[in-house]
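Below: one structure, written as structure tokens.
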Amino acid sequence: MRFGRTSTGSKAWSGKPRRPAPNVAEDERVVRSGFWVKVKRQTAKLPFIEDLLSAYYCAFDRETPLHVRAVLLGALAYFVLPFDGIPDVLPLLGFTDDAAVLATAMKLVIDNVRPEHREAARRKLEGMN
């Protein structure tokens, strides 16, 4: 929702669309530049690949609300960025932190991940195999 602050500090409808916060824009840039490269390299190792792709398609859907995009782009940027809580090169453990971040993000915004996003993810996976 679009909220602003009134002179008394309470929340009120501002009526103006809000621009993405700078960190959301930076997350979007990071995801756009590195997502597909990492996905193509790691597809066979990722048991959560369909959810990852569904999150991607939802995050870049123009109809997805900004707060949902922010959550998903943050999770996707965490996946793309080379620094990690648990390095991705460790066998069996490498992607557990990425999976946990994605699962948490998806739980928060699952109502916004539509069947079209899941179908786009399935089609992309079929094309990658």
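The values are calculated or read from the model by the stated rules, or taken from the named source; none is laboratory data. The model shown is predicted, which means the values in this text are computed figures rather than measured ones. Cβ: placed from backbone, ideal geometry, glycine included. Neighbour counts: every protein chain shown.
Can you confirm whether V89 is of a type in the set (V, I, T) and at pLDDT below 85?
yes
If you go through the range 92-126 one residue at a time, how many are on the phi > 0 side of the Ramachandran plot and among the charged types (D, E, K, R)?
0
Identify, from the list A12, A44, A25, the residue that is assigned to a strand (DSSP E or B) and at pLDDT below 90.
That would be A12, the only listed residue that is assigned to a strand (DSSP E or B) and at pLDDT below 90.
Starting from the range 97-123, keep only residues that are closer than 20 Å to K40 by Cα, then list their pairs with residues that are loosely packed, with under 15 Cβ neighbours inside 10 Å whose Cβ atoms are within a distance under 8 Å, requiring at least 6 positions of separation or different chains.
D97/G85; D97/I86; A99/P47; R118/E50; A121/E50; R122/E50
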